[in-house]
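Peer 1: This is the structure, below, for whatever I ask next.
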Amino acid sequence: MQIPLKKLKCGFELPVFGFGTWQMGGRETRDPANDDRADVFAIKSAIDMGITHIDTAAWYSGGHTEELVGLAIKGFDRSRLIITTKVPPMDLHYDDVIKSARGSLKRLGTDYIDVYVIHNPNPYIDIKESMNALNYLVEKQIAKFIGLSNFNAAQFSEAQDNSDNKIVCNHLHYNLKHRGPLLDGTIKYSQENDVLVVAWRPVQKGLFSKEKFSILEKLCSKYGKTENQIAINWLISQDNIVTISKTRNIGHLKENIDAAAGWNMEKEDIDYLMDNFPGVVETVENATLANLIEPE
């Protein structure tokens, strides 16, 4: 299935739906009991079904997740894939950024990274030093594009002011329930400055299908879609917003892809969900080393 793309004025583009890999191989460290073969199969299945954007991070399972991604993408046309990975906030000094990127390249088994992202801001390291390192990676063609994750509008603006290259994306925890980045102006900033928001945790760990929301049930009946499909389509209907989600379940994978391709909710329904979804969380956690949020 062909997944639609969103394109920035600078030419950078991402599919509206991509595959996340958080907790594949373990959490912050490798889990010896993890079924690595199942994870590799899930990533391969996603690519076979039309997904081209694969999101991972050096932080995930101590780098082992990147190794699983590297195994999964062997045999596929690398030029058709968009591989995003991230440098941990602990490694944002100049030399550490470059070392981390080279480590990611080795684990992924690839010659370049499509989008290299700072995983979280670190108030203890000058952002100018970090951005100088990212600029070096672009100059040396180690990374094609650079991005940020969990940065608010002011933090993003400071990073962009210290970068020779356009920062093309910001990964944010944003969905029907969690609206912090919308309410603090970060999403508006992205839309006004030609930046793609990569919304992580779009179905909030299955919340929308586990709990009963009458507002979703009505729309599920209207469109013949599931709660998760409505939640994903609501996200990608908004300007400059794409999303990523992880699943090992092939049925859920098909469900997610179908949420993103071939149909769109009517604007009145999108607006109704925006204004009336119950129990919205309005705050966003401070993503610093002193209070690290859970990676996506």
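Peer 1: Would you mention how many residues in the range 230-287 are modelled with pLDDT under 95, hydroxyl-bearing (Ser, Thr, Tyr) and either more than 18 Å from the chain's Cα centre (by Cα) or farther than 26 Å from ASN150 by Cβ (or both)?
Peer 2: 1
Peer 1: While we're on this one: Is it the case that LYS166 is surrounded by fewer than 23 Cβ atoms within 10 Å (Cβ to Cβ), over 13 Å from the mean Cα position of the chain (by Cα) and closer than 28 Å to ARG78 by Cβ?
Peer 2: When the stated conditions are applied, LYS166 passes them.
Rundown of residues vs (1) part of a helix (DSSP H, G or I); (2) within 25 Å of ARG102 (Cα to Cα); (3) not polar (S, T, N, Q), yes/no style:
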{"site": "ILE146", "(1), (2), (3)": "no, yes, yes"}
{"site": "PHE151", "(1), (2), (3)": "no, yes, yes"}
{"site": "ALA154", "(1), (2), (3)": "yes, no, yes"}
{"site": "SER157", "(1), (2), (3)": "yes, no, no"}
{"site": "ASN170", "(1), (2), (3)": "no, yes, no"}
{"site": "LEU176", "(1), (2), (3)": "no, no, yes"}
{"site": "PRO181", "(1), (2), (3)": "yes, no, yes"}
{"site": "ILE187", "(1), (2), (3)": "yes, no, yes"}
{"site": "GLN191", "(1), (2), (3)": "yes, no, no"}
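Peer 1: Just give me the residues in the range 1-31 being among the basic types (Lys, Arg) and without any contact (Cβ under 8 Å) to a residue 40 or more places away in the chain, in sequence order.
Peer 2: Across the range 1-31, the qualifying residues are LYS7, ARG27, ARG30.
Peer 1: Say we look at the range 45-55 and pick out the residues that are touching a Leu at 6+ places or on another chain (Cβ under 8 Å) and under 21 Å from ALA101 (Cβ atoms); which of these is surrounded by the fewest Cβ atoms within 10 Å (Cβ to Cβ)?
Peer 2: Of everything passing the filter in the range 45-55, ILE54 is surrounded by the fewest Cβ atoms within 10 Å (Cβ to Cβ).
Peer 1: What are the residues in the range 12-44 that are of a type in the set (Gly, Ala, Ser), over 10 Å from the mean Cα position of the chain (by Cα) and either crowded, with 17+ Cβ neighbours inside 10 Å or under 18 Å from LEU148 (Cα atoms) (or both), if any?
Peer 2: Passing the criteria: GLY25, GLY26, ALA42.
Peer 1: Moving on to the next point. Could you give every pair whose Cβ atoms fall below 9 Å, whose first residue belongs to the range 71-98 and is under 15 Å from ALA133 (Cβ atoms), and whose second residue is β-branched (Val, Ile, Thr) and at pLDDT below 95, counting only separations of at least 6 or pairs across chains?
Peer 2: These pairs meet every condition: PRO89/THR288.
Peer 1: List the residue pairs whose Cβ atoms are under 9 Å apart, where the first residue sits in the range 178-190 and is touching a residue at least 40 places away in the same chain (Cβ under 8 Å) and basic (Lys, Arg), the second is assigned to a helix (DSSP H, G or I) and surrounded by fewer than 19 Cβ atoms within 10 Å (Cβ to Cβ), and the two are 6 or more positions apart or on different chains.
Peer 2: From the range 178-190, the pairs are ARG179/MET274.
Peer 1: Considering each residue of the range 32-69, count those that are aliphatic (A, V, I, L, M), more than 23 Å from GLU255 (Cβ to Cβ) and in contact (Cβ under 8 Å) with a residue 40 or more places away in the chain, and give that number.
Peer 2: Kept after step one, since they are aliphatic (A, V, I, L, M), are these residues of the range 32-69: 33, 38, 40, 42-43, 46-47, 49, 51, 54, 57-58, 68-69.
Add one more test, that the residue is more than 23 Å from GLU255 (Cβ to Cβ), and what stays is 33, 57-58.
Narrowing further to those that are in contact (Cβ under 8 Å) with a residue 40 or more places away in the chain: 57-58.
Looking only at that region, the number is 2.
Peer 1: Still on this structure, please answer the following. Is it the case, given these coordinates, that LYS212 is modelled with pLDDT under 95, farther than 22 Å from SER149 by Cβ and either among the basic types (Lys, Arg) or crowded, with 18+ Cβ neighbours inside 10 Å (or both)?
Peer 2: yes
Peer 1: For ALA72, state whether it is buried (at least 22 other Cβ atoms within 10 Å of the Cβ), touching a Leu at 6+ places or on another chain (Cβ under 8 Å) and in a helix (DSSP H, G or I).
Peer 2: It is false that ALA72 is buried (at least 22 other Cβ atoms within 10 Å of the Cβ), touching a Leu at 6+ places or on another chain (Cβ under 8 Å) and in a helix (DSSP H, G or I).
Peer 1: Can you tell which of ASP239, ASP271 is out of contact with any Gly (no Cβ under 6 Å at 6 or more places or on another chain) and assigned to a helix (DSSP H, G or I)?
Peer 2: Details: ASP239 fails: assigned to a helix (DSSP H, G or I).
From the options ASP239, ASP271, the qualifying one is ASP271.
The values are calculated or read from the model by the stated rules, or taken from the named source; none is laboratory data. On a predicted model such as this, the values are computed, not experimentally measured, just so you know. Don't worry about glycine lacking a Cβ; one is built from the backbone with ideal geometry, like all the others, and counts go over all protein chains shown.
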